[in-house]
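Structure, as structure tokens:
The values are calculated or read from the model by the stated rules, or taken from the named source; none is laboratory data. The structure presented is a predicted model; accordingly, all values stated were derived computationally and were not measured. Positions of Cβ are backbone-derived with ideal geometry, glycine not excepted, and every protein chain shown enters the neighbour counts.
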Amino acid sequence: MIHYALICPTEHEFEGWFRSSSDFEAQAAAGHVSCPVCGSTQVARALMAPNVQPARGRAAVPAAETGAGTGTGSESAPAAAPAPVPPPAAAPPALVAPHPAQAVLLAALKEIRAKVLETADYVGTDFAEEARRIHYGESEQRGIYGEASAEEAEALIEEGIDVHALPILPDDRN
């Protein structure tokens, strides 16, 4: 994996990980790489400081600890190892003001979720089985919600059973 510092035309800086340089080029050319702040797909690699590690087994040791100057004076002192380059300081996270439509959408999602929780029956981990029973007329027709794996949900959809994930809201993760 390759880590790139990226930048958009409005100079928003962000990072991305790619399998290879050609993978980045292909994704950027197809418009699949976009700025998380402004959404621009005109993204380029930004200048990065190289991440150079010292050779294995060779630690940088100050000259005072190498024994330099302890001989007859006829030896030459070993060259001091270059000081390691500190990593670049991380840019502070970009803060973005929410779009006014976000509040409207979030309120609508909260309303939908509350209506489902209020009117549907919770069936827990038996969701896939109960959805099938309802679909095939083996159980009474009603709204249900519960847990299902991605594979179970996909199987239900393939059978023609209409299922939808409840939206995960920001408050759910706090």
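Residues that are crowded, with 16+ Cβ neighbours inside 10 Å and over 17 Å from the mean Cα position of the chain (by Cα) within region 8-39 comprise Cys8, His12, Ala28, listed in sequence order. Somewhere in region 164-174, is a residue more than 27 Å from the chain's Cα centre (by Cα) and acidic (Asp, Glu)? Checked region 164-174: no residue is more than 27 Å from the chain's Cα centre (by Cα) and acidic (Asp, Glu). For region 118-134, a residue qualifies if it is within 15 Å of Glu152 (Cα to Cα) and part of a helix (DSSP H, G or I), and the qualifying residues are Phe127, Ala128, Glu129, Glu130, Ala131, Arg132, Arg133.
You will find that of Ala49, Ala68, the residue that is loosely packed, with under 13 Cβ neighbours inside 10 Å and modelled with pLDDT under 80 is Ala49 and no other.
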